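Heads up: the structure comes next, in structure tokens.
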There are 2 protein chains.
Amino acid sequence: MYTRAEENYLKCIFHLEQEHKGAVATNAIAQMMHTKASSATDMIQRLADKELVSYRRYKGTTLTKAGIAVAVAVIRKHRLWEVFLVEKLNFQWDEVHEIAEQLEHIQSEELITRLDKFLDHPDYDPHGDPIPDKHGNIKKTEKKVLSEMSKSQHGILVGVRETSGEFLQYLDKRNIAIGTKIKVLGKEFFDGSMIIQVKREQFFISKKIAENLYIQV
Amino acid sequence: MYTRAEENYLKCIFHLEQEHKGAVATNAIAQMMHTKASSATDMIQRLADKELVSYRRYKGTTLTKAGIAVAVAVIRKHRLWEVFLVEKLNFQWDEVHEIAEQLEHIQSEELITRLDKFLDHPDYDPHGDPIPDKHGNIKKTEKKVLSEMSKSQHGILVGVRETSGEFLQYLDKRNIAIGTKIKVLGKEFFDGSMIIQVKREQFFISKKIAENLYIQV
DNA sequence: AACTTATTTTAGATAAGACTAAAAATAGAA
DNA sequence: TTCTATTTTTAGTCTTATCTAAAATAAGTT
Ligand SMILES: [Mn+2]
Ligand SMILES: [Mn+2]
Ligand SMILES: [Mn+2]
Ligand SMILES: [Mn+2]
């Protein structure tokens, strides 16, 4: 099988490739992995030797079929464990990421099959991200970033972009969670800030917040 | 914290020290770790630098207070995860060791605290081994190896020495499990083999089998 | 006590994964 | 197009954890 480091790099490249659509820059990988560009280059070259990524120097990196399969399997494990931590061990949604980051590397097909069953085959993790099935298929959900919505539009929160503790606690404090209905009451052109309606309350939110909330309309 | 390898060596030394009472030979460690004596020496010296073991060359190794604490914490995690796998995910008791071997290295105090609670604070793992509490205290149980019992003595199975799949499946096949009442009907001096009564059946067992069953009289 | 064997340690190599510093390639600006 | 700034790669070093081969020590035997 693959090492922890390899799995983490593949997962990282997968996420960057999704976001930017196209070859991923070495610097972007290094930044997300909290490492130096030279270390990233080193790993990328080893992954290329194993045909998990295709790579032409100075031109960026993309995952191969094999690389995608590994990345998606790790993401599946990560998200299933997050569900376990929240649903069964009563962790808060902002506390689970670090632990899942470790648990995602446990090697056992059977374990994941049984965990999935134990959790009753969940479709989404606590942050609203879809859980790939055992064949690696990911349910594509139609969702919009809140910051791109306009006045008087509404929808329900189905996911968050940021998963840092600070951000998730910010949402908790305002009773905003996955499934919460949100309506745009006003939007400021100058700075992109908004007034939103959540249940019976109204909040002012900055553009930065709005950019990190995914809404299903 | 400590690396996976360090944790595995410490756990290994702990178990060997329990068995033989006294300093542990380098070869014994190497054998149990499935590695070479030179590799073991190397690690022992590094553990000695970190004051996790006390070591005098050619004289063997013993754990320090600090080393014991690390080993026991790992053993606690290993056994709690084994309970989880059997009780919650319905694994058989012979299938859980390998997976627990990985899970025991997950670093999170909070996770173990919550797992322990989720499992309702179990005292023993599926193989009858006691689970250390969070302070590292291990319940000492009075138990006897079946091979040392004599004719017409009886007791209940409280643990197994071997945990290999083959051995555990051998027991399953004969309906022998933790908690099963066993009576010695006969014992052969020549080879130490026995006839035992288990529920309504009688079995012939070799000395090797008898040496791997712990009985509470 | 001297020799032989088994155990343990050292010396030297290797691979993964990280780093710093320097060189090379690319992109942007003048 | 040529210079400059940024990005990326290479070269060389480090640590952990492993190996093989050789040297050192301990234990056992005549
Ligand atoms: Mn990870
Ligand atoms: Mn998540
Ligand atoms: Mn282990
Ligand atoms: Mn066990």
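The values are calculated or read from the model by the stated rules, or taken from the named source; none is laboratory data. Keep in mind that this is a model prediction, so the values were computed, not measured. Every residue, glycine as well, gets a Cβ built from its backbone with ideal geometry; the counts of neighbours run over all protein chains shown.
In segment B:128-169, the qualifying residues are those that are more than 16 Å from the chain's Cα centre (by Cα) and buried (at least 17 other Cβ atoms within 10 Å of the Cβ), and the one that is farthest from B:M194 (Cα to Cα) is B:G155.
When B:Q102, B:Q169, B:Q153, B:Q92 are screened for being out of contact with any helix residue (DSSP H, G or I) (no Cβ under 6 Å at 6 or more places or on another chain) and within 16 Å of ligand 1 (Cβ to nearest atom), only B:Q102 passes.
Among the criteria (1) touching a strand residue (DSSP E or B) at 6+ places or on another chain (Cβ under 7 Å); (2) more than 16 Å from DNA strand D (Cβ to nearest atom); (3) without any contact (Cβ under 8 Å) to a residue 12 or more places away in the chain, the one B:R114 does not fulfil is (1). For segment B:111-126, residues that are under 21 Å from A:V86 (Cβ atoms) and part of a loop (DSSP other than H, G, I, E, B) total 2. Here the condition is being away from chain B (no Cβ under 11 Å) and either assigned to a loop (DSSP other than H, G, I, E, B) or buried (at least 19 other Cβ atoms within 10 Å of the Cβ) (or both); of A:E95, A:E82, it holds for A:E82 alone. Residues of segment B:36-47 include none that is touching a helix residue (DSSP H, G or I) at 6+ places or on another chain (Cβ under 6 Å) and in contact (Cβ under 8 Å) with a residue 40 or more places away in the chain.
Within segment B:6-22, the set of residues being loosely packed, with under 15 Cβ neighbours inside 10 Å, within 14 Å of DNA strand C (Cβ to nearest atom) and either at positive phi or of a type in the set (A, V, I, L, M, F, W, C) (or both) comprises just one member, B:G22.
Kindly indicate whether any position in segment A:43-64 is part of a helix (DSSP H, G or I), within 15 Å of ligand 1 (Cβ to nearest atom) and within 15 Å of the chain's Cα centre (by Cα). There is no residue in segment A:43-64 that is part of a helix (DSSP H, G or I), within 15 Å of ligand 1 (Cβ to nearest atom) and within 15 Å of the chain's Cα centre (by Cα). Taken over segment B:152-176, the residue count meeting the criterion of being out of contact with any Leu (no Cβ under 7 Å at 6 or more places or on another chain) and part of a loop (DSSP other than H, G, I, E, B) is 8.
Looking at this structure, is B:I178 of a type in the set (A, V, I, L, M, F, W, C) and either more than 21 Å from the chain's Cα centre (by Cα) or closer than 19 Å to B:V86 by Cβ (or both)? Criteria met by B:I178.
Would you mind stating whether B:T35 is more than 18 Å from the chain's Cα centre (by Cα), among the β-branched types (V, I, T), part of a loop (DSSP other than H, G, I, E, B) and at pLDDT 95 or above? Yes; evaluated as a whole, the condition is true for this residue. Within segment A:65-77, identify whether any single residue is within 14 Å of another protein chain (Cβ to nearest Cβ), touching a residue at least 24 places away in the same chain (Cβ under 8 Å) and either in contact with a Leu (Cβ under 9 Å, 6 or more places away or on another chain) or within 16 Å of ligand 4 (Cβ to nearest atom) (or both), and answer yes or no. Within segment A:65-77 (the criterion being within 14 Å of another protein chain (Cβ to nearest Cβ), touching a residue at least 24 places away in the same chain (Cβ under 8 Å) and either in contact with a Leu (Cβ under 9 Å, 6 or more places away or on another chain) or within 16 Å of ligand 4 (Cβ to nearest atom) (or both)), the answer is yes, since at least one residue qualifies.
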